[in-house]
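Inspection log for the structure reproduced underneath, given as structure tokens.
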Amino acid sequence: MPNRRFADGEVVMGRWPGSVLYYEVQVTSYDDASHLYTVKYKDGTELELKESDIRSQSSFKHRKSQSSSSSPSRRSTSRSRSRSPGRPVKGRRRSSSQSREHKDDKKKTIQETNLALLKPSENNTRRYNGEPDSTEKNDTSCIILEQKLKPDLEIERVLEQYSLRPRKEEKKKEEIYSEKKIFETIKTIEKASSKTKELEFGGRIGTFMLIFFLPATVFYLLLMCKQDDPSLMNFPPLLPALESLWEARVFGIFLLWFFLQALLYLLPVGKVVEGLPLSNGRKLQYRINGFYAFVLTAAAIGTLLYFQFELHYLYDHFMQFAVSAAAFSMVLSIYLYIRSLKSPEEELAPGGNSGYFIYDFFTGHELNPRIGSFDLKYFCELRPGLIGWVVINLAMLLAEMKIHNQSMPSLSMILVNSFQLLYVVDALWNEEAILTTMDITHDGFGFMLAFGDLVWVPFVYSLQAYYLVGHPTAISWPVAAAITILNCIGYYIFRSANSQKNNFRRNPADPKLAYLKFIPTATGKGLLVTGWWGFVRHPNYLGDIIMALAWSLPCGFNHILPYFYVIYFICLLVHREARDEHHCKQKYGLAWERYCQRVPYRIFPYIY
């Protein structure tokens, strides 16, 4: 079996498939069975190459210097001999043979010069450190070259008509067209390489089924909560009449709520911050005023309650509100996909650019859809659904008091409302931290996030409060104290882990983070191996699961339905963890393998 020539981590020149162009790449692994090297280009693309398609940097530099030193002398020799009309026939033969050699050498020089243009600059570490790709510079150089060498149209027409164009100019024009063709080929290849190749959620079939399965799951859970016996054995639940699922007034209230939050989002209050760099190096700006929007919403709800507005109307028409939200999210998703078809390639989501309609519609085709400065994805992440979740919980609390003729809400209902209120306020207070999450930096805005933000979050996350209205559960003060401690532990892990990660991403050189140790990566970022991120790989997920359990425990153990959220959350986070592992392995390569060796547990210490 032949020995491998290039070692892991070695920086070499790799040929781009389907072309004669070589780029600087880093060897990440080698497959002994297929004898293929896995290499990583500076734009993050990973491909498998044969050994014959890889060359060392030293040989490339030698060839370039040798061709550049020999070309001028040969050109001057050919020029001097062509100017001597009195040379004998023998001399002319020698001149023609040397001319052929010069022609071949010149052709070789042009090819190597084209390769040299595409080679990275002397600062070899810039693009490994996350700076923009040099393809934009090449494109700009091509445009400038085209503008400089573009002849006047009238002169061009005369030269073509009377064949007055010198042979040198013909050759020069051919060289220009050759360079243009090379750059066009590069653009075509890069456009093809930006396509999403690895499909999640079961691919096209899986995403098609999820478009129907997710709304069906929400409606099933809400119908089960309304039954006297919400047992899983009591299936299927009684289906309401179709006409009772829709009411224009309810849909109007939902639209009023959505546009009220949009108006609060546009208020010129709060600081403006920049997000993480996009693939083209640009940074989008975001206004951080979610907490102000929450305070103003709370004031508006308090005013309505002061004037005797019956907020338990939400409980009485809960299913109709869910249907209205689902219908609106579907319309929004269709709009998002249609507008994404006109978006530039660089603005498409890396995970939602497969070319398959259903898959891209579900996962989101455009990364950051905006109407002017209004960012649709960022707005929906925290505003209508998350703040709506708190309003729904409050409506359930008032409905419980009215239905059961209580002067005070039950202890179980108070715990559920308090725990989830803390979670929402924390998210809005630390709104800036969401800019570093995968939802913002990687996932497009399609049906998955639109339905999740506007339907799943407010109507499934409030399941415990909705359950307690029809199935009151009494708990003692010691039990309530134990559940409160459990929620505080989960919240502490969740918040401190997220703060560590967000602060380190924003400013790794912060003196306050000097105690944290990390593994450097080829992208210029570091992987934390101390603190919470040295305890398990995803400590924020561990805190989430502990809090989800604390939210469900006040509902007792008579039925498993209130614990659906815990089961769902564990499944969701395990899926996200697997997806994060895959992306991090591709992104960080050998550094991620070293990190996994240092931190072997994923979510649960000593278990998983």
**OP:** Answer yes or no as to whether residue 576 is surrounded by fewer than 16 Cβ atoms within 10 Å (Cβ to Cβ) and either closer than 21 Å to residue 214 by Cα or without any contact (Cβ under 8 Å) to a residue 12 or more places away in the chain (or both).
**Re:** yes
**OP:** Filter region 1-36 down to the residues that are among the polar types (S, T, N, Q) and open to solvent by less than 70 Å² (accessible area, probe 1.4 Å), then identify the one that is nearest to residue 55 (Cα to Cα).
**Re:** 26
**OP:** Go through region 224-246 and give me each residue that's open to solvent by 30 Å² or more (accessible area, probe 1.4 Å), in contact (Cβ under 8 Å) with a residue 40 or more places away in the chain, aliphatic (A, V, I, L, M) and over 23 Å from residue 333 (Cα atoms).
**Re:** 232
Original post:
If you go through region 322-332 one residue at a time, do you hit one that is modelled with pLDDT under 95 and more than 27 Å from the chain's Cα centre (by Cα)?
Top reply: no
Subject >> Answer from 483, 475 - the residue that is surrounded by fewer than 24 Cβ atoms within 10 Å (Cβ to Cβ), in contact with a Pro (Cβ under 8 Å, 6 or more places away or on another chain) and assigned to a loop (DSSP other than H, G, I, E, B) >> reply: 475
Original post:
From the list 522, 550, which one is in a helix (DSSP H, G or I), touching a helix residue (DSSP H, G or I) at 6+ places or on another chain (Cβ under 9 Å) and either assigned by the TED database to the domain that holds residue 26 or not acidic (Asp, Glu) (or both)?
Top reply: 550
Original post:
Got a number for residues in region 254-286 being open to solvent by 60 Å² or more (accessible area, probe 1.4 Å) and assigned to a helix (DSSP H, G or I)?
Top reply: 4
Subject >> Candidates 385, 351, 364, filtered to the one that is in contact (Cβ under 8 Å) with a residue 40 or more places away in the chain and on the phi > 0 side of the Ramachandran plot >> reply: 364
Subject >> Qualifying position, being in contact with a Ser or Thr (Cβ under 7 Å, 6 or more places away or on another chain), surrounded by 20 or more Cβ atoms within 10 Å (Cβ to Cβ) and of a type in the set (Gly, Ala, Ser), among 364, 290, 352 >> reply: 352
Subject >> Residue list for region 510-545, filter: within 29 Å of residue 27 (Cβ to Cβ), of a type in the set (D, E, K, R) and in contact (Cβ under 8 Å) with a residue 40 or more places away in the chain >> reply: 525, 537
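The values are calculated or read from the model by the stated rules, or taken from the named source; none is laboratory data. Just so it is clear, the model here is predicted, and its values are computed rather than measured. Cβ sites come from the backbone with ideal geometry, for glycine too, and all protein chains shown count toward neighbours. Side chains are part of the model used for accessible areas, which takes the heavy atoms of the whole protein and leaves out ligands, DNA and RNA. Shrake-Rupley method; radii C 1.70, N 1.55, O 1.52, S 1.80 Å.
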